[in-house]
1. Which residue out of THR538, THR559, THR522, THR531 is assigned by TED's automatic domain parsing to the domain that holds THR472, modelled with pLDDT under 90 and either β-branched (Val, Ile, Thr) or crowded, with 17+ Cβ neighbours inside 10 Å (or both)?
2. Could you check, for region 375-383, whether at least one of its residues is touching a helix residue (DSSP H, G or I) at 6+ places or on another chain (Cβ under 8 Å), without any contact (Cβ under 8 Å) to a residue 40 or more places away in the chain, in a strand (DSSP E or B) and within 21 Å of SER404 (Cβ to Cβ)?
3. Kindly indicate which of SER332, SER302 is at pLDDT below 95 and closer than 30 Å to SER367 by Cβ.
4. Residues being without any contact (Cβ under 8 Å) to a residue 40 or more places away in the chain and either of a type outside the set (D, E, K, R) or out of contact with any Lys or Arg (no Cβ under 9 Å at 6 or more places or on another chain) (or both): count how many of those fall in region 204-251.
5. Kindly establish whether THR294 is of a type outside the set (Lys, Arg) and over 30 Å from ILE395 (Cβ atoms).
Amino acid sequence: MSVTVNSISVVQIPTSTNVYNVGSSQPLIIELGPIGPQGIQGAQGVTGPSQPGSTGPTGSTGSTGATGNTGNTGSTGASITGATGSTGVTGPTGNTGSTGSTGSTGLTGVTGPTGAIGNTGNTGNTGNTGNTGVAGPTGNTGATGTGVAGNTGATGNTGNTGSTGNTGTGVAGNTGSTGNTGSTGNTGNTGNGYSGVASITSLAVATGSQTFTLSSPNQQAFANGMRIRAYYPVTPSNFMEGVATTVNSTTITITVDTIGGSGTYNVWNFSVAGLIGPTGVIGNTGNTGNTGNTGNTGNTGSTGNTGNTGATGTWGYTTTATAAGTTVLTVSSTTLQVFTGSTTQTVTLPVTSTLTLGQYFVIENDSTGTVTVNSSGANLVVSLPGGVTVRVTCILTSGTTAASWAVTIEGVKALTGTANLVLSTSASLTTPTIADGALSGTFSGTPTFSGQATFSGAPIIGRTYNAQIGTTFTPALSDAASIVSLNNAASISVTIPTNASVAYQLGTELIFIWITGAGQPTISAVTPGTTTILSVGTTTASPKLRAVNSWAIAKKLATDTWVIWGDLDFGQIQNQFIGGLLLHS
């Protein structure tokens, strides 16, 4: 067994051993206190006889010797140029820059008038084709005539096809010269285009559906679904652009989603606009520019009007010797009222309707009697034993009862006497000295004793009893003054809450007792990551009570740190004999 200083161990004493004058016929389990400091070293024992020792183990290998000098550098080898490596993969093409805006289309000139087309003459009847004669030898090509061609006679009927003659073998004649080019035919009608379409509808540059009435009934090549720009020809930067929803010979309607410029115009020309491409990849953020110069400080605003001056309070103090009489305060009484002497005195506060909200009086009782403070309606506000100072503050400027006043204890020089003394909720007593029998009754709420409270007698601090019969239990703030019993047939889980949930005072002790029932209680944290549990149990962070009627105390050491001790389960006990004692650890 391993035993350390200030630890607690368990010792089993055999029946044949009498330790500390404890006699028993049965094995006993006792709890040893903390191990004392190490005793003085005993005298050195007698040296034993000398015996030849065995050969010692081989010594460790010695350190490596120093490194030798570096040899001369060899001659430089022949330089051989390696083959050129293959060309690396071409890097990705950079992003295409944004397309510049399209320049405005110039005005189309007026098309000249087309001449009239002459009438076509009637085609004559086709004549009968005569019989084909035998093909004679091909003669030389004569010179091309230049005379005016006569009228073409009627075509005769086609004769029967004769048999093909033998191919001649004579030399081909010379090709005749090309005839003169005929005159150019008349120009055809102009096809549909995008020019010449205009509107004189008066419209303001704006998004949404816009309808243009055409100045001439001709929409040219514009069609539904095209993206069209309508622009003011004098300043083309004023435009409306969008998808055409209605196009006919008299009107064009555009759902405008992009505009330029502003204003209202009554002359509009039209052009085909490109579709809006997808948004390009966002470029890298440019470097942050230098911080601009600080602007000039604005002019100081005009000073507001001065508020009305409040009523002047009455400072200073007044001393009054107690004489079992009555002191009546008014709005003009001094703020500090000091009472001296050895008897009682009654103080009547002012009528609240004569005061301002928040006005207060400090009443200091330096006498040995009681000073009673009443409202203007003779209702008790506070009763001051000797040595107590309070501040009474007007909280309502109406009414004559104690409800119009708030009382704050400013200081206590001493609390003496046998009368009842009522302190405020969560009262604090700093370094009090409490005599035997001088403090009785019940502390309710959460009184705090800071510093070191001195009790000349032995204070009796009672605890309530909290019987738990469930399988889970989380202590509440009230359990700091309780003894909690645990009783269930199944295992019982007791969980210590975080300080954020239940703010116990440092040093608080929670007491748990396993009364009956087969369920073994385990003590752990509600939130292990926040609350730390320390113990010497088998599982440090979740110790268990050892057996029925065993107990444990959880003591708060820090904000979220608790130590558990008591009759805990140590699991499998290891036995060691030391000096005739059987130790369990």
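1. THR538
2. yes
3. On inspection, the qualifying residue turns out to be SER332.
4. Initially, region 204-251 is screened for residues without any contact (Cβ under 8 Å) to a residue 40 or more places away in the chain, giving 213-221, 223-225, 232, 234-235, 237-250.
Keeping just the survivors that are either of a type outside the set (D, E, K, R) or out of contact with any Lys or Arg (no Cβ under 9 Å at 6 or more places or on another chain) (or both) gives 213-221, 223-225, 232, 234-235, 237-240, 242-250.
Summing the residues that are without any contact (Cβ under 8 Å) to a residue 40 or more places away in the chain and either of a type outside the set (D, E, K, R) or out of contact with any Lys or Arg (no Cβ under 9 Å at 6 or more places or on another chain) (or both) in region 204-251 gives 28.
5. yes
Quick grid of which residues meet (1) among the basic types (Lys, Arg); (2) assigned by TED's automatic domain parsing to the domain that holds GLY529; (3) assigned to a strand (DSSP E or B); (4) modelled with pLDDT of 55 or more:
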site	(1), (2), (3), (4)
GLY437	no, no, no, no
SER440	no, no, no, no
SER444	no, no, no, no
ALA458	no, no, no, yes
ALA480	no, yes, no, yes
SER485	no, yes, yes, yes
ALA489	no, yes, no, yes
VAL494	no, yes, yes, yes
ALA500	no, yes, no, yes
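The values are calculated or read from the model by the stated rules, or taken from the named source; none is laboratory data. The model shown is predicted, which means the values in this text are computed figures rather than measured ones. We place every Cβ from the backbone using ideal geometry, glycine too, and count neighbours over all the protein chains shown.
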